[in-house]
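The values are calculated or read from the model by the stated rules, or taken from the named source; none is laboratory data. In this text the structure is predicted, and so the values were computed from the model without any measurement. Note that each Cβ is placed from the backbone with ideal geometry, even for glycine, and that neighbours are counted across all protein chains shown.
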Amino acid sequence: MAKSLHDYSTPIVANVPIGPAVNTGTRNFELQTSLIMMVQASQFCGFPSEDASAHLQHFLELCDTIVIKDVAQASIRLRLFPFSLTGKVKWWFYKEKEAVSTWDKCSVVFLTNFFPIEKTNALRGKISNFQQNHMESILEAWERLQDYIQACPHHRMEDWLMLQNFYEGLTPISKGHVDAAAGGVFLSLTVANAIALSEKMVANQS
């Protein structure tokens with residue numbers, strides 16, 4: 001029977017976007033409702049204020065609590081991941097179905113899209129050009145630097161450089177305190193000793 005003009009404008013199920021087919025190996029598996037609800041409790045919307053890296057970290061922590069016999073962890077993650085998304089990000093996931101067909105691809109493409117290079121460069125700049133605020137204690141300055149580092153886990157800056165940036169960014173008075181704690185000059189310490197001293201000073205101030 002020939003289609004009417006109205007038929008061409010009627011939505012059909014085949015046009016509803018769905019995620020990629022998940023390779024479950026030799027068996028299928030069912031996700032528990034409680035697990036889905038846990039993932040949905042912390043959904044990523046794609047707002048500028050959201051941290052894609054932190055979202056992925058939280059999601060992976062939840063997934064690591066699940067073990068299903070004969071099912072690869074990557075398959076569980078890919079099946080669950082769309083439940084952790086909402087709004088325009090979920091539509092993005094469906095649109096990029098081929099690009100996110102495996103968990104490895106999905107995680108890389110997700111971070112590439114929602115942790116843009118501009119944000120990475122801005123955080124690297126804050127680490128590289130770190131400056132202690134005038135009214136900030138050494139403890140507060142150290143914790144702020146750690147926040148920048150944690151927010152950009154792919155900064156790829158070596159420990160020695162970050163420690164040097166931290167020291168050079170301190171006020172003259174704070175440098176004096178740090179040098180005194182080091183028993184001489186902070187920059188004369190090894191990387192391991194400098195980290196240990198910094199953490200000890202922070203613990204004492206806490």
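Residue-wise test of (1) out of contact with any Lys or Arg (no Cβ under 6 Å at 6 or more places or on another chain); (2) under 30 Å from Glu50 (Cβ atoms); (3) at pLDDT 90 or above.
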{"residue": "Trp142", "(1), (2), (3)": "yes, yes, yes"}
{"residue": "Ala180", "(1), (2), (3)": "yes, no, yes"}
{"residue": "Ser188", "(1), (2), (3)": "yes, no, yes"}
{"residue": "Glu199", "(1), (2), (3)": "yes, yes, no"}
message: I'd like to check which helices (runs of 4 or more DSSP H) are fully inside the range 54-157 and have at least 2 residues that are of a type outside the set (A, V, I, L, M, F, W, C) and surrounded by fewer than 16 Cβ atoms within 10 Å (Cβ to Cβ).
response: 88-95, 103-114, 117-128, 138-151
- request: Scan the range 99-132 residue by residue and report those that are of a type outside the set (S, T, N, Q) and more than 22 Å from Gln43 (Cα to Cα).
  value: Ile117, Glu118, Ala122, Leu123, Arg124, Gly125, Lys126, Ile127, Phe130
- prompt: For the range 158-206, what are the residues that are part of a loop (DSSP other than H, G, I, E, B) and among the β-branched types (Val, Ile, Thr)?
  reply: Thr171, Val185, Thr190
field: Output for the range 44-66, where each listed residue is β-branched (Val, Ile, Thr) and without any contact (Cβ under 8 Å) to a residue 12 or more places away in the chain
entry: Thr65
- request: Find the residue count for the range 31-62, including only residues that are more than 15 Å from the chain's Cα centre (by Cα) and over 21 Å from Tyr94 (Cα atoms).
  value: 5
task: Would you tally the residues in the range 149-174 being more than 30 Å from Pro116 (Cα to Cα) and either touching a residue at least 40 places away in the same chain (Cβ under 8 Å) or under 32 Å from the mean Cα position of the chain (by Cα) (or both)?
output: 2
- line: If we keep only residues of the range 189-206 that are among the polar types (S, T, N, Q) and touching a helix residue (DSSP H, G or I) at 6+ places or on another chain (Cβ under 7 Å), then the residue surrounded by the fewest Cβ atoms within 10 Å (Cβ to Cβ) is Ser206
